[in-house]
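Heads up: the structure comes next, in structure tokens.
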Amino acid sequence: MVDQYLTPNGDDWLEAIEQALYECWLMVVVLSEHSAGQPNFKMQYRYFLNRDKAVVPLLLDADVSLPVELAKKRIIVHNPNDKRGSIHRLIFEIKELRKLTQK
């Protein structure tokens, strides 16, 4: 689920976020200077962690500090010089986590 086309903090946005948090089995947490400063950022990934749902951190900005809760996860570091490689690493990690959740 991507919330970029919804008005932040509007009723539709809140409902879409709640529905996605409930329905999705995996969350890709995109860590950037912008995302880390968002008010609901930690609440959303903590919801997944507290329910033992899969979380994949994708580090976009190298200077963003990694939240403690995500430090033990396998982090995908985005390489702007190898965007395709970054996406392939993310896809691989999602496939591996899917295998684990289907057992």
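A short reminder: the numbers here are calculations on the coordinates, not readings from a lab. As the structure is a computational prediction, the values presented were derived from the model and not from experiment. Cβ coordinates were reconstructed from backbone atoms using ideal geometry, including for glycine residues, and neighbour counts include every protein chain displayed.
Just want to confirm a number: the relative contact order over the chain, from Cα pairs under 8 angstrom separated by 6+ residues, in percent.
Once divided by the residue count of the chain, the mean separation gives 21 percent.
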Straight-line reach check, Lys72, cutoff 15 Å on alpha carbons, 8 or more apart in-chain or any other chain, hits among aspartates and glutamates -> Asp52, Glu93
What translational D, rounded to a whole number of µm²/s, comes out for the stretch 11-101 from Stokes-Einstein when the hydrodynamic radius is the Kirkwood one over Cα pairs, at 37 °C and 0.692 mPa s? 235 µm²/s
Per-residue HN-Hα couplings for the stretch 77-83 [Karplus 6.51, -1.76, 1.60; θ = phi - 60°; Hz; x = Gly/Pro]: 9, 6, 10, x, 8, 9, 4
Could you calculate the contour length gain from Arg74 to Trp13, that is, 0.36 nm times the residue separation minus the distance between their Cα atoms, to one decimal place in nm? 19.1 nm
In terms of Cα to Cα distance under 16 Å, which lysines are near enough to Lys73, apart from those fewer than 8 places away along the same chain? Lys42, Lys53, Lys95
Using helices alone, I'd like the mean residue ellipticity at 222 nm for the chain: each DSSP H run of four-plus residues gives -39500 (n - 2.57), total over residue count, nearest 500. -13500 deg cm²/dmol
For the charge dipole of the chain, defined by +1 on Lys and Arg C-beta atoms and -1 on Asp and Glu C-beta atoms about the Cα centroid, which residue among Pro39, Leu100, Ser86 has the Cα displaced farthest towards the positive pole? Leu100
Nonlocal amide H pairs with Leu31, under 5 Å, H built at 1.01 Å: Leu58, Leu59, Leu60
